[in-house]
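Let me begin by presenting the structure, written as structure tokens, before commenting on it.
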Amino acid sequence: MIEKIKTAIANAIRTVYSQNEYEIRTEDIEQGFKEPCFFIILLTQIHTQGLGTHFQRQYSFDVRFFPQHRDKEQSEAVAEELYSLLEYIQVDDGYLRGTGMHSQTTDYVLHFFVDYSITGYVKNDDEYMEEVNYIGKVKK
């Protein structure tokens, strides 16, 4: 699921920022990358068990943007754009809604934080009894 969400984030960014001008990476940050570029990094995963086999998972991402020539105004413009681009991302046949979105710029690098949550359940293939015979009476 993590890779699907990363791909969906990259696809949403790609709708505005062309592949020819902006590189998008989902792996570790390496030296010598070409600016401007985006890095999509998973920060945390939280798994909360629900009733029975139901669960909820929350994935927190940091979408980092490295502007060309340390341009703070470019970072601010990208942050404004990311709020609308990452509010809903398409994963498989459905959409995930981004929550907890906020951004900050540190050393000319934009950090855009967004959370995505999924709810699911584990399918139980256990066989259940078809019938129960019970013989009993009330004790006097």
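The values are calculated or read from the model by the stated rules, or taken from the named source; none is laboratory data. Keep in mind that what you see is a predicted model, and the values were worked out from it rather than measured. Cβ coordinates were reconstructed from backbone atoms using ideal geometry, including for glycine residues, and neighbour counts include every protein chain displayed.
Side notes on the structure shown:
- Every test in (1) without any contact (Cβ under 8 Å) to a residue 60 or more places away in the chain; (2) closer than 14 Å to Ser103 by Cα; (3) among the acidic types (Asp, Glu) is passed by Glu27 save one, and that test is (2).
- Among the residues of the range 37-54, those identified as out of contact with any Lys or Arg (no Cβ under 9 Å at 6 or more places or on another chain) and modelled with pLDDT of 90 or more are Leu43, Thr44, Gln49.
- Number of positions in the range 41-80 that are exposed (fewer than 14 other Cβ atoms within 10 Å of the Cβ) and among the polar types (S, T, N, Q): 7
- Screening Thr53, Thr44 for residues that are out of contact with any Pro (no Cβ under 8 Å at 6 or more places or on another chain), closer than 23 Å to Tyr121 by Cβ and touching a residue at least 60 places away in the same chain (Cβ under 8 Å) leaves exactly one candidate, Thr53.
- Taken as a whole, the structure places Ser18 among residues that are at pLDDT below 95 and surrounded by fewer than 18 Cβ atoms within 10 Å (Cβ to Cβ).
- Within the range 84-107, not a single residue is farther than 21 Å from Lys4 by Cα and in contact (Cβ under 8 Å) with a residue 40 or more places away in the chain.
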